[in-house]
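Remarks on the structure that follows.
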Amino acid sequence: MYDFLRELFPICRSITGPGLRETIHRIGTRIPLTIHEVPTGTAILDWTVPNEWSIRSATIETLDGRVVMDFADNNLHVVGYSKPVDAVLSREELARHVHTLPDQPTLIPYRTGYFADSFGFCLSHQTWTAMTDEQYRVRIDSTLAPGSMTLGELLLPGSTDKEILLSIHCCHPALANDNLSGIVIATELAKRLAGVSRRHAVRFLFGPGTLGALTWLSWNQDAARKVAAGLVLTCLGDAGPYHYKQSRQGTSATDRAVAQVLADEGEPLTVLPFAPVGYDERQYCSPGFDLPVGCFMRTPNGRYPEYHTSADDPSLVRPESLERSLDILEKIIAVIDRDATYERVDGRGEPQLGRRGLYRLVSGQAGRSTSQEALLWVLNLADGRHSLLDMAARSGLTFQSVAAAADLLLDTQLIREMSQ
Amino acid sequence: MYDFLRELFPICRSITGPGLRETIHRIGTRIPLTIHEVPTGTAILDWTVPNEWSIRSATIETLDGRVVMDFADNNLHVVGYSKPVDAVLSREELARHVHTLPDQPTLIPYRTGYFADSFGFCLSHQTWTAMTDEQYRVRIDSTLAPGSMTLGELLLPGSTDKEILLSIHCCHPALANDNLSGIVIATELAKRLAGVSRRHAVRFLFGPGTLGALTWLSWNQDAARKVAAGLVLTCLGDAGPYHYKQSRQGTSATDRAVAQVLADEGEPLTVLPFAPVGYDERQYCSPGFDLPVGCFMRTPNGRYPEYHTSADDPSLVRPESLERSLDILEKIIAVIDRDATYERVDGRGEPQLGRRGLYRLVSGQAGRSTSQEALLWVLNLADGRHSLLDMAARSGLTFQSVAAAADLLLDTQLIREMSQ
Amino acid sequence: MYDFLRELFPICRSITGPGLRETIHRIGTRIPLTIHEVPTGTAILDWTVPNEWSIRSATIETLDGRVVMDFADNNLHVVGYSKPVDAVLSREELARHVHTLPDQPTLIPYRTGYFADSFGFCLSHQTWTAMTDEQYRVRIDSTLAPGSMTLGELLLPGSTDKEILLSIHCCHPALANDNLSGIVIATELAKRLAGVSRRHAVRFLFGPGTLGALTWLSWNQDAARKVAAGLVLTCLGDAGPYHYKQSRQGTSATDRAVAQVLADEGEPLTVLPFAPVGYDERQYCSPGFDLPVGCFMRTPNGRYPEYHTSADDPSLVRPESLERSLDILEKIIAVIDRDATYERVDGRGEPQLGRRGLYRLVSGQAGRSTSQEALLWVLNLADGRHSLLDMAARSGLTFQSVAAAADLLLDTQLIREMSQ
C-alpha cells in the first residue's frame, strides 16, 4: 500500500482533469473498476459538472528570469482550478493571488477555487517574505474547457439486496494522509474482499469529493435505500488513534459496528457526533437521503498540523498504520455483514443445552466459560428484536463470541434468522 | 422600573381589595390593560372568589396607650385577610395571634390566612419579646365583604394563532423582589414589545396568585391550547444568578428557549425540575392543562434569607438586575417567536452555496466561519423535524447564528417553513 | 426462621428425590402448600423430568478399612445424581472423579451432574492431598430410577386478577445461604401475608431450580401473563448489603418497587442489570415469557467466598439478617400491591385543599410539610399515566408519603383509581 501511495503522490489531482483520471485508472489496474466519465455541463441535483481543468506548468520568476516558484516542484503551488495567466505583476498585485501560512512559515498551503474564475499561488511564508522585488513574471499554463469528471466504481456482490458503501475522495493533489491513505487502503480492501463470499454487497466509490458523492446519489436514488451501512475513508495512514464520526442517525449499524470492533480489538476510539462539515458523509447524510454513513479516520481533518499543507507527504504516513487500518476495516465489514437478528425456534424457557452437547456436564462451579455465557445471552435475546450487535453491546461480550454462539445455536436449530 | 417599584411598594396588596386594584390600575396607566373585576362568589373551577378584604388601620397598644405596632409603619404587620377586631387581650391570648421569626429576630414575617376566618399580627421577634405587659389593646379596622377580585390583562397580537403567556402575581403586600420585581419588569416589557411586529401574540396576566391564574384558565379553556410557551415572572430584581424552573413537560419550547438564551448570553443558569409547589406554574401545569409554562427567577423563592420578610424591601432590588432581567426576557420572547421548523425545498444533497453567494470562493482553509457552519447545519436539519432551537442545541451554535442562516436560506429559497 | 434453617440443613436435597420431597413437606407443615409430584419422563418444554435420585450412603475407604470420606458427615461429599458404585480404584482413576478447591483447601465444593451418567466425590483439597495410597475402595449406595420431582405451591388470593410471584429453589443440599435462607424467609413471609387482605394474589413456588420454574411456566402459559411482579429469593441470610438483579425489562414494577423500598428504608442497594446467568429469573425472563421477575439477594451468588462450598453453613447466616430481609420483602410486596394509577376527578387546576381540611390555614411560611408536598405531587401527577411508584420517583418523596396522600385524596374524591 505504501508503495502505491508513493506512486500516486506526485499526480496533480483535482475534482476533474487528467490527474484524477490517471489516479482512478491506476486504481483500475489493481481492481476491476467500472469507470464513469461525466461530461461537463451534466446537471447533478443542485449542481452542474464544471469545465475540466488541466494544468501543465506554472512558475513565478523574477524579471531577470530566476524561478522563485515552480509547479513542477510541488503541485500545491497552484490554487486548484486556476485559469491560465502570463503576466508581469507588481508584488502588490501578486499578493492578492498568494496564499501562505504565516504560522507554519516553511509549509505550502493547499487551496482550491473550483468556481472562482481566478488564479492563485500557494507559497511557503518563508518564500513569500523573501520575494522583495517590485515585479514578478507569473505564468500558469492551464486549460479550463469542456471535458468530463471521472468516477470509479466497484460492486462486490452479496446474497442479500443490501449493500455496504465505501466512499473515497480522490480530488486532493500531493496530500498523502488526506486522502491517498484512503485510496490505497480501499484498493487493498477491495482485493481482499473480492475472494470472499458475503451476505451484503460491498460498493467502492472513488471520485472527487462532493460532486462524486452527489453524482452517485443522484443516479441511485432508489438504490441508496439499499445502503445498510457505509463509511467515508480518509486520514487513515498517520500514527494517531482512531476517530469515528457518526452518521447523522447516530445509532445506525455503522455507528454500532465501528464502536464494537474497536472495543473488541482494544483500540482506543474517539467517537465524534455527526456534523454537516467534513467529508462526503455531508452528502450521504443530507436530509433527503439520511444514509447510515459515517467517517472513519485516525487523526481527523483539521486536527493535525500537517493537514492541508505540503507536510502531509508520504513521511507522515506509516506502512504499519495503513496495515492496521486495513485490518480494522476488514473486521468492521465482516461484523456488519455477519450482524443479524434471530428468534428462538421455541422461545419459552431455556432449552436443555446438555443433550445437544452445549453444556458443561458437571455444574456448580463459580466460574463460567465465556462461550457458555454467550450461548445464554443469544438464547435470551433471540426475540426478533435484538441483532448480534445489540447482544454484544448489552452483554459486554465480544461480537466474535456472540456470533460464534449464534452459529452453534443455528446448527442445533435452537434459533432461526429473522428475514431481513 | 426601580422608581415604579418604589412607588408600588407601600401599597397593601392581597388577593382582593383596594391595594390590588390600585396596583393594577397604576400598571394600567403605563400599558393598555383590560381590567376585569370578578365578583365575590364567582365559581372558579374548584374555587369561589372570596369576600373582598379592605384594611384601613391596625395597631397594638399598651393599656396606657403606647403604640407598640402600627400597620401604618409596615403592611406586613397584619396577616392578610384578618377580620376586624377591637379588644383587650392577655399576652397569652395575643400570642396565639402573633407570628415572629425567632431565627431572624429583627424581621417581620409575611403571613396570610385567606380562608382562616381569624386575625393575626406579624412582629419582629425582638418587638414581641420586649412586649411583657399582661394585656394589650389590639385593633384591626378591616372589612371582609362582597366585592370583587381584580385582574389586568394585555394581549399584544401576533400573526399566528399561538401565544406566549406571561403571568405575574400581584397579591403580595410590601415585598419588593417577590413580586414587585416581576410587576415592573413585565410592565416595561409590555411597553417594549408593543411597538414590535411578531408572529405569536404575547399575553400579560396581572392578578392574584392561584385564583388569578385559575380564573384565566377557567375562562379560556380552549384558548389555553394556543399557549405555545409561557413564564411566571418573579424574584427578578435581586443580585443572584438566574434560575429557571421547568414546565411539567420538561422539554417544552419554553424550557429549551430559556436554556438556549442564557447559554448564548453567557449567563449562568440553574435549571430546576418542575415541582407542583411554588408559583402559578402549579396551575398552568396542572394535569388538565399541562401548559408549557415555567418560572423564571434570579434567586428562587425560599432560597434567600429575605424571602417573605420585611427585608424583601427595595434595598434588596438592584436597578441593574431589573434591567438585565428585562433584556434577557426580551431575548427569550424573541427566540420563542422566531423559532420555526423548516424543510429543504430540494432535500437531496448539499446545495451549491457558491452560485448563490453563500460560500467562500477559495476553500481549503482549516478554519471555517461560524456562519458557514450554521448554513450547513440548517440545511442538514431542515427536514421538517427540527426547529431552530433543536438546531442550535444539536450544533452548539447560538440561536442567533442558526436563525441568521435560516434567513439567508429562506431568501435564497433553499428552505421553506413548515406550516405550524 | 433460623431454627427452621438448622432443621433443614442436614437434608440432602437435589432436583428430585426424598430430600427435596421431605423439605417441601416440612415447609407444608407450616404453610398450606399444594404439593405436585411430576413423574419421571414428563416433558417440560424442551426438557424431560429425569429419574429420581436417592442416596443412602457413600464412603471412600483405604483398603485396610479406614474411612477417609463419609457422606454421612457432609452431603456435599457426593456429586449430585452420582450413580451407584462399589469398586476399588487406583488413586489415578479416583482422581478423575474427585473435585476439590485448591484455593480454599479446607472447604468441600458443591457439584452436581444431573445428566452426566457418572459419579463423583467432593473433598477438601487438604483431605485429597493427604490421600496417598495407591488404591481406595469407593462405595455409593444410590438409586437412579423412575419416580417424580416434587414442587410446592401456595396461592394467597387477591381481589384483582394480577399476581406477585415468589420463586424459591430448593434443590441445594447442605448449603445455608443458598438457598435455605430463601426457603425459610419465604415460608415465614407466607405466614405473615396469609392474614392480610390485598389486591394482588401472591404465589409462592418451591421446587428445584430450572425444572421447577419451567414446569410452572409450562403449566401456566396463560396465567403467566397475570404476573405483575416477581422475585427469585436467595442468599438473603448473610450479613452483606442488598443486591437486586433486575428483570430483563429493567423498568418493571418489580424493578421500581425494589429500588424505591430500599431507598425509603435507607438500605444501601446495588442494582445489577439482568443477565441470563444466575437463578430462575433466567427462565421467567426467557424471551417467550419475559416476565417482570428479578432476583433479590444480599451478597450475590459467586461473590462470597463461601458460595457453593461447605462453608455456606448455618454459621454464615445471621438471624437478624433473615429478619431484616423478611421485613424488607414484606414492604416490597406491600408497595407492589398498593401501587396504582389515578386520575383527577376534575383535572383542571389545583383544587381548594383548605375547604376539605387538607391545607394549613395560615400560609406564607418558607417551610412546607412533606405531606402537603405529597398531596400536591399526587394531584399533579394523577393524570392516568403515573403510578404511585412513578410519583415517588419523580418527587423524591417516599412511597409511604405519596400513598398516604393518595388515600386522603381518594377519601375526598379528588382523585379516582384508573381501572387496571
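Restricted to region A:218-232, and to residues there that are surrounded by fewer than 24 Cβ atoms within 10 Å (Cβ to Cβ) and not small (G, A, S), the residue that is farthest from the other protein chains (Cβ to nearest Cβ) is A:K226. The single residue among B:L180, B:L205, B:L214, B:L193 that is closer than 19 Å to C:E350 by Cβ, more than 14 Å from chain C (Cβ to nearest Cβ) and not aromatic (F, W, Y) turns out to be B:L205.
Does C:D337 satisfy the criteria of being away from chain B (no Cβ under 14 Å), closer than 30 Å to C:V184 by Cβ, surrounded by 15 or more Cβ atoms within 10 Å (Cβ to Cβ) and touching a His at 6+ places or on another chain (Cβ under 6 Å)? For C:D337, the condition - away from chain B (no Cβ under 14 Å), closer than 30 Å to C:V184 by Cβ, surrounded by 15 or more Cβ atoms within 10 Å (Cβ to Cβ) and touching a His at 6+ places or on another chain (Cβ under 6 Å) - is met.
Among the residues of region A:77-95 satisfying the criterion of being under 34 Å from the mean Cα position of the chain (by Cα) and not hydroxyl-bearing (S, T, Y), which is farthest from the other protein chains (Cβ to nearest Cβ)?
Here the answer is A:P84.
Are any residues in region A:6-35 crowded, with 16+ Cβ neighbours inside 10 Å, assigned to a helix (DSSP H, G or I) and either touching a Ser or Thr at 6+ places or on another chain (Cβ under 8 Å) or not assigned by TED's automatic domain parsing to the domain that holds A:T309 (or both), and if so, which ones? Within region A:6-35, A:L8, A:P18, A:L20, A:R21, A:I24, A:I27 qualify. Just one of the listed residues (B:D255, B:D280) is within 13 Å of chain C (Cβ to nearest Cβ) and at pLDDT 95 or above, namely B:D280.
Among the residues of region B:115-131, at least one is under 19 Å from B:D73 (Cα atoms), within 14 Å of chain C (Cβ to nearest Cβ) and not in a loop (DSSP other than H, G, I, E, B).
The listed residues are A:P268, A:P300, A:P319, A:P287, and the only one of them that is out of contact with any helix residue (DSSP H, G or I) (no Cβ under 8 Å at 6 or more places or on another chain) and surrounded by fewer than 24 Cβ atoms within 10 Å (Cβ to Cβ) turns out to be A:P300.
A:Y136 falls short on exactly one of the conditions (1) in contact with a Ser or Thr (Cβ under 8 Å, 6 or more places away or on another chain); (2) within 14 Å of another protein chain (Cβ to nearest Cβ); (3) not in a loop (DSSP other than H, G, I, E, B), and that condition is (2). Scanning region B:401-420 for residues that are under 20 Å from B:A228 (Cβ atoms) and assigned to a helix (DSSP H, G or I) returns B:V402, B:A403, B:A406. The sole residue among A:G113, A:G158, A:G147 that is touching a residue at least 24 places away in the same chain (Cβ under 8 Å) and under 21 Å from A:D312 (Cα atoms) is A:G113.
Before we move on, is B:R303 within 12 Å of chain C (Cβ to nearest Cβ) and over 26 Å from C:V345 (Cβ atoms)? For B:R303, the condition - within 12 Å of chain C (Cβ to nearest Cβ) and over 26 Å from C:V345 (Cβ atoms) - is met.
Scanning region C:232-253 for residues that are touching a residue at least 60 places away in the same chain (Cβ under 8 Å), in contact with a helix residue (DSSP H, G or I) (Cβ under 8 Å, 6 or more places away or on another chain) and within 10 Å of C:M297 (Cα to Cα) yields a total of 8. Among the residues of region B:188-217, the one identified as of a type in the set (S, T, N, Q) and crowded, with 24+ Cβ neighbours inside 10 Å is B:T215. Restricting attention to region A:264-277, which residues are without any contact (Cβ under 8 Å) to a residue 24 or more places away in the chain and more than 14 Å from chain B (Cβ to nearest Cβ)? The answer is A:G266, and nothing else. For region A:283-299, a residue qualifies if it is within 12 Å of chain B (Cβ to nearest Cβ), of a type outside the set (S, T, Y) and not in a loop (DSSP other than H, G, I, E, B), and exactly one does: A:Q283.
With the condition kept exactly as written, say whether any residue in region A:163-171 is outside any strand (DSSP E or B), buried (at least 22 other Cβ atoms within 10 Å of the Cβ) and in contact (Cβ under 8 Å) with a residue 60 or more places away in the chain. Looking for residues that are outside any strand (DSSP E or B), buried (at least 22 other Cβ atoms within 10 Å of the Cβ) and in contact (Cβ under 8 Å) with a residue 60 or more places away in the chain, one finds at least one in region A:163-171, hence yes. Only one of the listed residues (C:A87, C:A43) is without any contact (Cβ under 8 Å) to a residue 60 or more places away in the chain, among the hydrophobic types (A, V, I, L, M, F, W, C) and farther than 25 Å from C:E134 by Cα. That residue is C:A43.
Summed over region A:42-76, the residues that are part of a loop (DSSP other than H, G, I, E, B) and within 14 Å of chain B (Cβ to nearest Cβ) give a count of 5.
Per-residue answers, yes or no, for (1) modelled with pLDDT of 95 or more; (2) among the acidic types (D, E); (3) over 27 Å from A:R198 (Cβ atoms); (4) assigned by TED's automatic domain parsing to the domain that holds A:T309:
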site	(1), (2), (3), (4)
A:A116	no, no, yes, no
A:H125	yes, no, yes, no
A:Q135	yes, no, yes, no
A:G158	yes, no, no, yes
A:H169	yes, no, no, yes
A:H172	yes, no, yes, yes
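Among the residues of region B:103-114, those that are assigned to a loop (DSSP other than H, G, I, E, B) and either of a type in the set (K, R) or within 14 Å of chain C (Cβ to nearest Cβ) (or both) comprise B:D103, B:Q104, B:L107, B:I108, B:Y110, B:R111, B:G113, B:Y114.
Among the residues in region B:359-378, are any part of a loop (DSSP other than H, G, I, E, B) and modelled with pLDDT of 95 or more? No, region B:359-378 contains no residue that is part of a loop (DSSP other than H, G, I, E, B) and modelled with pLDDT of 95 or more.
Tell me, yes or no, whether region A:265-276 has at least one residue that is among the hydrophobic types (A, V, I, L, M, F, W, C) and within 14 Å of A:R303 (Cα to Cα). So far as region A:265-276 goes, yes, one or more of its residues are among the hydrophobic types (A, V, I, L, M, F, W, C) and within 14 Å of A:R303 (Cα to Cα).
The values are calculated or read from the model by the stated rules, or taken from the named source; none is laboratory data. Just so you know, these numbers come straight off a predicted model, no measurement behind them. Glycine gets a Cβ as well: all are built from the backbone with ideal geometry, and neighbour counts include every protein chain shown.
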